[in-house]
Amino acid sequence: MRIDLDPDSDVVQEQFAVVYCPRRKRDRFPEGSVEVVASAEAALAGANPEKNFYPAMVVGPSRSSEGARLYYLVEWLESDNP
């Protein structure tokens, strides 16, 4: 799923993050599962795959139709692809 960004708004943004995700097949995550960080390096440093924390580029937060704040996956980051 891709969310188009409004260039006149800074509410929803692409951001680096560490995402708690037991299965990496999901493409959206509740706000409580996402820790936004300042850089790709910080996301990679905060990752802990043994505990299901993965570095990613996400878009959000966006409010769902149910009222939850969600982040959407842009891409998973890998140590050779910051």
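FYI, it's all coordinate maths here, none of it is from the lab. Since the structure is predicted, the reported quantities are computational estimates derived from the model, not experimental observations. Positions of Cβ are generated from backbone atoms using ideal geometry, with glycine treated the same way; all protein chains shown enter the neighbour counts.
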Seminar exercise, completed: Taking Lys and Arg as +1 and Asp and Glu as -1, residues besides Val34 with C-beta under 12 Å from its C-beta add up to +1
For this session: May I ask for the net charge around Pro22, where only other residues with Cβ less than 13 Å from the Cβ of Pro22 are counted and Lys, Arg are +1 while Asp, Glu are -1?
Result: +4
